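What follows is a single structure, written as structure tokens, with notes after it.
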Amino acid sequence: MSNELHDMDQAGLQAVADDKGLHLAKVTWVHHWTAGLFSFRIERPSTFRFRSGEFIMIGLLGANGRPLMRAYSIASPSWEEHLEFFSVKVEEGALTSRLQHLKEGDHIFLGKKPTGTLVLDALLPGKTLCMVGTGTGLAPFLSVLRDPETHEKFEKIIVTHTVRQAEELAYRQFLEEEIRADEIFGEMLKDRFTYYPTVTRGEFHRKGRITDLIRDGIFRNEVGVVEEDRGSFRFMLCGSMAFNKDMGALLESNGLVEGSNSEPGTYVMERAFVG
Ligand code: A2P
């Protein structure tokens, strides 16, 4: 039974997608960063619209014949023709244990209702946008960073990424070099963008949790935050539950207020999803 289902052809999968109100989208690119992390892209259905920073349900056909869906932040900006996702590979994860074997040409289910709070609409106007992520929590920031609206609304943009080991700094080359060489974004980001990677357990030039680096004033010194600009910092947080809680508390103790789509604030957060 389950084999038959896993071998279902595209027409069969499309019928399931139609029945459940989902898109069926073709995988166009897969990249494995480490034994535990990978990224992939799918074709973007022409009717699919989202705001940079939002998440969406994606999935595969489950053994029971129904789509097995999990929330994933979209790592590509809203103008891009494809949709990109950044994922962990978890052996015991119902979906990621299977998603990690995706190949170009495979098909996955894609929900039709993107949503989320890591969006510009949920933040009050400010000068510096600081996006603080751990692990795959980097994903929504890769989207927001490449949205032209972000650059219209903020003078400075900082992306921090905290991981256990340096090799888990996925997208490092992109953030350090490629985006700066990009035809459109290179000029936009010049002198305005800081990528701030930190590693907690392995060797690296900057060690420690971002929460500690901020609390100890190291972040402030390295990034060059001037006192009069502190009040115009806006934050987006995305990581584990523990990280969001600690980082949120740190911001609140500095007077920041959590925002939402209906009531914008000075920071927003979302849990990094694990499949
Ligand atoms: P650490 O190695 O000190 O736990 P994980 O893989 O567990 O999701 O963690 C990803 C990164 O986030 C790790 O570098 C981890 O640091 C860091 N991290 C985990 N919890 C917190 C927290 N509460 N505050 C700040 N950083 C955290």
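Go through (1) surrounded by fewer than 18 Cβ atoms within 10 Å (Cβ to Cβ); (2) touching a strand residue (DSSP E or B) at 6+ places or on another chain (Cβ under 9 Å) and name the single condition residue 215 misses.
It fails just one condition, (2).
Given the conditions (1) aromatic (Phe, Trp, Tyr); (2) within 16 Å of the ligand (Cβ to nearest atom); (3) more than 19 Å from the chain's Cα centre (by Cα), and given that residue 233 satisfies all but one, which numbered condition is not satisfied?
Among (1) aromatic (Phe, Trp, Tyr); (2) within 16 Å of the ligand (Cβ to nearest atom); (3) more than 19 Å from the chain's Cα centre (by Cα), the lone unmet condition for residue 233 is (2).
For the stretch 166-216: of the residues being of a type outside the set (Val, Ile, Thr) and in contact (Cβ under 8 Å) with a residue 60 or more places away in the chain, which is farthest from residue 137 (Cα to Cα)?
Checking each candidate, the answer is 167.
Please go through the stretch 171-203 and give me each residue that is within 16 Å of the ligand (Cβ to nearest atom), assigned to a loop (DSSP other than H, G, I, E, B) and within 14 Å of residue 159 (Cα to Cα), ordered by number.
Once the filter is applied, which keeps residues that are within 16 Å of the ligand (Cβ to nearest atom), assigned to a loop (DSSP other than H, G, I, E, B) and within 14 Å of residue 159 (Cα to Cα), the stretch 171-203 yields only 171.
Filter the stretch 249-265 down to residues that are under 17 Å from residue 119 (Cβ atoms) and either aromatic (Phe, Trp, Tyr) or not in a loop (DSSP other than H, G, I, E, B) (or both), then give me how many there are.
2
What are the pairs, 6+ residues apart or on separate chains, where a residue within the stretch 93-109 that is farther than 16 Å from residue 35 by Cβ has its Cβ under 7 Å from a residue that is assigned to a loop (DSSP other than H, G, I, E, B) and modelled with pLDDT under 95?
The qualifying pairs are 95/275.
Considering only the stretch 204-231, state which residues are outside any helix (DSSP H, G or I) and of a type in the set (Lys, Arg).
Answer for the stretch 204-231, where residues must be outside any helix (DSSP H, G or I) and of a type in the set (Lys, Arg): 206, 207, 209.
The values are calculated or read from the model by the stated rules, or taken from the named source; none is laboratory data. Small disclaimer: the values here were computed from a predicted structure and weren't measured. Positions of Cβ are generated from backbone atoms using ideal geometry, with glycine treated the same way; all protein chains shown enter the neighbour counts.
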